[in-house]
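A.B. asks: Structure in structure tokens, see below.
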Amino acid sequence: MSTIVQLQSITKVYGIGDIIVNALSGVDLTVNAGEYCSIMGTSGSGKSTMMNIIGCLDRPTAGRYYLDGIEVDTLADNELARIRNQKLGFVFQQFHLLSQLTAWENVMLPMIYAGVPVQERRDRAREALVRVGLEQRLQNKPTQLSGGQQQRVAIARAIVNRPVVLLADEPTGALDSTTTEEILDIFGELNASGMTVVMVTHEADVARRTHRIIWFKDGKVLESNLSPKDVALVSAG
Amino acid sequence: MDWLESGNMAVKTLTSNKLRTGLTMLGMIIGNASVIAMIGIGQGAQRLASEQFESLGPNVLFVTPGSQGARQRTTFLPRNLVWDDAKAIAAQVPSVASVAPQRQSQLSITYGGKNRTTLVMGTAPEYLVVRDFDVAKGRFINNVDLERNTRVAILGSEVAEQFFEGKDPIGSKIRIRNISFEVVGVLQPKGSFLGNNQDDAVYIPLTTSATSLTGRTSPFGLDLTFISISAINEASIPAAEFQITNLLRRRHKIINEDDFTVQTQKDILRIVGTITGGLTALLAAIAAVSLLVGGIGIMNIMLVSVSERTQEIGLRKAIGASEQDILMQFMIEAVMLSAAGGIVGTGVGIGGILLVAAFSPLQAVVSPLAITLAVTVSGTIGLVFGVFPARQAARLDPIVALRSA
């Protein structure tokens, strides 16, 4: 089983004037291909910082990060943009769809930056939308879609460039419980078909659907391989 | 990402907020329209002035009393240009075809119960040839009139219309300064010259003018207001100018500064050209300010747009847009705004020129140079004023950008 995410002694320090905050202090973490794991922790535990580093939106202060075998902590901004485009898929709590574009155009967006030819772009975007069950909503703008449907468009956009890992930051945080189940079903299906999924959540019910729980506390990994049945332990603190 | 994609995306963004796009473009539209209209109107005025001077008659030169300097210094011009000068020019300068001595004053004219102050010109038969006038009815001044100081008058078409209202004036008596003159002819309408109505004039023999009306004679002879001269052809104008100058210097026994001025049509055209050219430049400069203001408007809106679209920028960066991609996207939006404003403004400007031409004697001059200039300048303005907001956008930290709500 190949390693997708490999973090070695990752440290992230934020300095605001004289105050220095150790957001992450010496994190070692490995995520293998095909895993479905969730990152949990209280706010301020460093899980968001962890997500930004895994997502190549931020660089560690120290330590090494290999993504799909590439050492990304040393890359320049433009190279990181390319990595995000080719290797990573993002799903956000707030969906972040572009309101002036249709669902279809939103899904095509990452392929525009990847330089995919127009016809292939259209086909692959449609395929991705079919995969999340939105073949009837290709031409709708985000405002004409429900929250769950918008998040499904966002998932289609995240997977359309065939990333090595799908990163989800509180993907169900803005959704009701029924819709949450639907979205988690999609993540489950994607994982079942081989997609590596890493999800940040603070909801125990959401974490329980994943196969492995990583528990952050005070900038460190407290437990890196909890099973879903231990989730009660985590929520208890 | 290629240019086509960026352009496509910019069009989508710009059309999604049509009111704002329209208002932003309005600044550029007004700027461009005024630049193009002002240059067009200025050039129209320039051309009008040139044509009017050309209509003075072919190959015309003018001799006026007083040096260039004296003309600027004194109110009263020296009465040193006389009929004998004109006669000498006609007799001795080979490059000259015709010489028309002119002596003019504003005098009161009465006919029936009507009264009118108008230009009374004492001149010779050559005037018709030199100034390219035609007789509509009757005859012009002849040599017999000059010899005998006859009290005959030829009316400009405007004067004839005012006094006689369509009736035949030939044979009627008008009074100039209370002296009776017989109307013997009427001229064809000639139109106005630099705002002066050339048809609002009465022509009488030069000699009659001196003896019966104004009575002014200088110590040197019968004084003239000016002499109009036609050269035999265009090529001989410089020769004529030189020969006339030499002759008059000799006749006036001049050692230092000339006490007369010889001007060719070209000289006058150049002066008019300088004035109207300066005017055009001034108008264009004023209009260019509005173009600049339009550019600042674009920068303003682009800055607002960047801060409003922080989340969009964050998202684009998260899914793989590089700094250059974002920079290009915002630059293209700015250039599109200004170029579109430039093109629409050009249309409006041309419309303005045509409108002015339709309601004034000015000709419509649509200068391709002005259009190229305005569109290039507005494109550049978009580029220049787009850089700052676009850089702001490109440098946004995606994490911060995504989190801003």
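The values are calculated or read from the model by the stated rules, or taken from the named source; none is laboratory data. No experiment lies behind these values; they were computed from the predicted model shown. Virtual Cβ from ideal backbone geometry, glycine too; neighbours counted across all protein chains shown.
A.B. asks: Spot the failing condition for A:Leu175; the list is (1) of a type outside the set (Gly, Ala, Ser); (2) surrounded by 22 or more Cβ atoms within 10 Å (Cβ to Cβ); (3) at pLDDT below 95, and only one is missed.
C.D. replies: A:Leu175 satisfies every listed condition except (2).
A.B. asks: Further question on the same structure: For region A:54-78, which positions are in a helix (DSSP H, G or I) and either surrounded by fewer than 19 Cβ atoms within 10 Å (Cβ to Cβ) or facing another protein chain (nearest Cβ under 10 Å) (or both)?
C.D. replies: Passing the criteria: A:Asp77, A:Asn78.
A.B. asks: Continuing with this model, one more query. Quick test of your reading of the structure: A:Ser45 fulfils all but one of (1) hydroxyl-bearing (Ser, Thr, Tyr); (2) touching a Lys or Arg at 6+ places or on another chain (Cβ under 7 Å); (3) assigned to a loop (DSSP other than H, G, I, E, B); (4) within 14 Å of another protein chain (Cβ to nearest Cβ). Name the failing condition by number.
C.D. replies: Of the numbered conditions (1) hydroxyl-bearing (Ser, Thr, Tyr); (2) touching a Lys or Arg at 6+ places or on another chain (Cβ under 7 Å); (3) assigned to a loop (DSSP other than H, G, I, E, B); (4) within 14 Å of another protein chain (Cβ to nearest Cβ), the odd one out for A:Ser45 is (4).
A.B. asks: Scan B:Leu291, B:Leu283, B:Leu279 and give me the residue that is under 15 Å from the mean Cα position of the chain (by Cα) and either assigned by TED's automatic domain parsing to the domain that holds B:Phe226 or closer than 30 Å to B:Thr21 by Cα (or both).
C.D. replies: Checking each option against the conditions leaves just B:Leu283.
A quick yes/no check of all residues on (1) within 14 Å of another protein chain (Cβ to nearest Cβ); (2) in contact (Cβ under 8 Å) with a residue 60 or more places away in the chain:
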{"residue": "B:His252", "(1), (2)": "no, yes"}
{"residue": "B:Val262", "(1), (2)": "no, yes"}
{"residue": "B:Gly273", "(1), (2)": "no, yes"}
{"residue": "B:Gly278", "(1), (2)": "no, no"}
{"residue": "B:Leu283", "(1), (2)": "no, yes"}
{"residue": "B:Ala287", "(1), (2)": "no, yes"}
{"residue": "B:Gly294", "(1), (2)": "no, yes"}
{"residue": "B:Ile319", "(1), (2)": "yes, no"}
{"residue": "B:Asp325", "(1), (2)": "yes, yes"}
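Each row is one residue, and each column tells you yes or no for (1) in contact with a Ser or Thr (Cβ under 7 Å, 6 or more places away or on another chain); (2) in the same structural domain as B:Thr117 (by TED's automatic domain parsing).
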position: B:Asn196; (1), (2): no, yes
position: B:Tyr203; (1), (2): yes, yes
position: B:Ser209; (1), (2): no, yes
position: B:Leu247; (1), (2): no, no
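A.B. asks: Going through region A:87-114 one residue at a time, which ones are touching an Asp or Glu at 6+ places or on another chain (Cβ under 8 Å), part of a helix (DSSP H, G or I) and either more than 16 Å from A:Met51 (Cβ to Cβ) or modelled with pLDDT under 90 (or both)?
C.D. replies: Correct list: A:Met111, A:Ile112, A:Tyr113.
Yes/no per residue for (1) more than 23 Å from B:Ile41 (Cα to Cα); (2) under 40 Å from the mean Cα position of the chain (by Cα); (3) not in a helix (DSSP H, G or I):
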| position | (1), (2), (3) |
| --- | --- |
| B:Val304 | yes, no, no |
| B:Lys317 | yes, no, no |
| B:Met336 | yes, yes, no |
| B:Gly342 | no, yes, no |
| B:Leu362 | no, yes, yes |
| B:Ala374 | no, yes, no |
| B:Val384 | yes, yes, no |
| B:Pro389 | yes, no, no |
| B:Val400 | yes, no, no |
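A.B. asks: Going by the structure shown, is B:Gln329 within 14 Å of chain A (Cβ to nearest Cβ), in contact (Cβ under 8 Å) with a residue 60 or more places away in the chain, under 28 Å from B:Ala374 (Cα atoms) and not hydrophobic (A, V, I, L, M, F, W, C)?
C.D. replies: yes
For every residue, the table says whether it meets (1) among the acidic types (Asp, Glu); (2) surrounded by fewer than 17 Cβ atoms within 10 Å (Cβ to Cβ); (3) closer than 30 Å to B:Arg151 by Cα.
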{"residue": "B:Leu224", "(1), (2), (3)": "no, no, yes"}
{"residue": "B:Ile237", "(1), (2), (3)": "no, no, no"}
{"residue": "B:Asn246", "(1), (2), (3)": "no, yes, no"}
{"residue": "B:Arg249", "(1), (2), (3)": "no, yes, no"}
{"residue": "B:Val272", "(1), (2), (3)": "no, no, no"}
{"residue": "B:Leu279", "(1), (2), (3)": "no, yes, no"}
{"residue": "B:Ala284", "(1), (2), (3)": "no, no, no"}
{"residue": "B:Gly294", "(1), (2), (3)": "no, no, no"}
{"residue": "B:Ser307", "(1), (2), (3)": "no, yes, no"}
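A.B. asks: Another question, if that's okay. Could you please find all residues in region A:20-42 being surrounded by fewer than 22 Cβ atoms within 10 Å (Cβ to Cβ) and part of a loop (DSSP other than H, G, I, E, B)?
C.D. replies: Selection gives A:Ala33, A:Gly34, A:Glu35, A:Thr42.
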